1. Short version: what are the Cα gyration tensor semi-axes of the range 317-469, square root of 5 times each eigenvalue, largest first, in whole Å?
2. Across 10 Å bins from 0, what is the distribution of all Cα-Cα pair distances for the range 285-382, in whole percents?
3. How high is the relative contact order of the range 338-441? Use alpha-carbon pairs under 8 Å, at least six apart in sequence, and give a whole percent.
4. Work out how far the C-alpha atoms of the range 186-320 reach from end to end along every principal axis, then list the three figures in whole Å, largest first.
5. With 18 Å as the cut-off, how large is the P(r) tail for the range 258-338, expressed as percent of Cα-Cα pairs?
6. For the chain, what does the relative contact order come out to in percent, with C-alpha contacts under 8 Å and a separation of six or more?
7. Output the Kirkwood hydrodynamic radius of the range 1-152, Cα pairs only, in Å rounded to one decimal.
8. Quick one: of K162/K364; K162/K356; K356/K405; K364/K405, which pairs are farther than 31 Å apart, Cα to Cα?
Amino acid sequence: MKPTPRSPASTAHSPAVIAMTTDLYELTMAASYMTLGMNQRATFSLVHRRLPPHRAYLVVVGLAEALDRLQRFRFDAAAIDYLRRQAPIAGELLERLEGVRFTGDVRAVPEGRVVFAGEPILEVDAPLIEAQLVETMVLNAIHYPTAVASKAARCVAAAPAKTLVDFGLRRMPGIEAGLAAARAAYIAGFDSTSNLLAGQRYGMAVAGTLAHSYLEAFDSELEALEAVVRTFPGPVTLLVDTYDTIRGAQHAITVAKRLKRNGTAVAALRLDSGNIMELSLEVRRMLDSAGLPDVGIFASGGLDEYELARLVGGGAPIDGFGVGTRLGMSADAPVLDLVYKLCEYGGEPRLKLSTKKATTAGSKQIWRKTGRDGYFAGDLISTLDEVSPGPEWEPVLEPVMVGGKPRPLPTLDEIRQRHREEAARLPEAVRRVSRPCAYRVRHSAALAARQSQAVRRVRSREGLDSASR
């Protein structure tokens, strides 16, 4: 029976742990707002300022975790006692913190959907103190799984129709990271994971073969392979590169032929080192010559989307891949330029003008256009209150939390299916691994006008126009 998927990893933590997983300055700002009586409605936008090199889009993951944290956020007496001894905050303000709960609204890009350069992933609308306090934990919930999902989506694009397995747990920065990475990769199109806890928690398929140490423990490689098929139920994948890949493949073929006569089968041979392209071609030839065309080839060992693209593009006869460290660490782009910035307070647009870090004022919506060919044809970032630009446009940001209560979320498999449909509508030039084309994103006239007005207001207020002369 397939296990019932559980909610994200923060369910292992108490609400106070969630609240205390933050930066000190969030609390000092909140305390100052309390002192000054500043707690009008505020909107913060979580946006990625620029894409990493060689990326044309990101896959949004982590929203379920963020909403779970927001719903359960609260400080307990032990947290307040610690803060009283450590933080430069007046005692009476700390007592007030103990009663703070998140009561705001959240609009977000649903998990599994893609976002492009400069687009908001979510917007938090709440009393200023609440919206400020949750900054760090919301960013933390979204950043890592989005980085991994975006990497995984590129692996899927590089190896379409191939079986992909997440092998990354052993080098992840902690148990929770391993869970988040497995879930993110599955959403992006991976078929299974080696992570048993992820399989149990999320109802995902699990897969694995065996380690070289198993073969080394026997007096001969052939003896070890025979032991595998004798003791493992069902079709097995045999690792063949412990000593010499070609010799190992010969041993595996001997075992597979014997099993075939008995009505059982070896599923695949696994290549984990050496020149995978050349070895896969030779092993495929050996298997076919031995009358074993149904035995597949599975490859692993330091793979990423670039190597997958090279192997698949070069015609390597490989049926599946195990992708580990470089996926789970998003090796070529481990950090996304995600920020959580105030864009509205007290009904007035707010922004920052810092060089290369300027923000867009006001609450926003993303509209995505579908062309006549069924592919996405461009995005429009508008003010929140603008109407649809036309029948071929759909809104991307959706209400996911109202009054501190999350709306029902789709299941993991539904999120995975949504991403599959989304990826199928991405133009090939945008989705490709090497030299992807930038996707067109523009601002509406109303948003541009509001931005210009807000910039003029700030520059005038701060005396920047006169100072620049």
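The values are calculated or read from the model by the stated rules, or taken from the named source; none is laboratory data. Not measured: the values here are computed from a predicted model. As a convention, Cβ positions derive from the backbone with ideal geometry for all residues, glycine included, and neighbour counts pool all protein chains shown. Accessible surface is based on the protein model in full, side chains and every heavy atom, while ligands, DNA and RNA are left aside. Shrake-Rupley method; radii C 1.70, N 1.55, O 1.52, S 1.80 Å.
1. Each semi-axis is √(5λ); the values are 35, 21, 19 Å.
2. 11, 20, 20, 23, 14, 7, 4, 1
3. Taking the mean separation of contacting Cα pairs over the length of the range 338-441, I get 20 percent.
4. Taking the Cα atoms of the range 186-320, the three principal extents are 39, 35, 28 Å.
5. 49 percent
6. Once divided by the residue count of the chain, the mean separation gives 21 percent.
7. 16.6 Å
8. Those over the limit are K162/K364; K162/K356; K356/K405.
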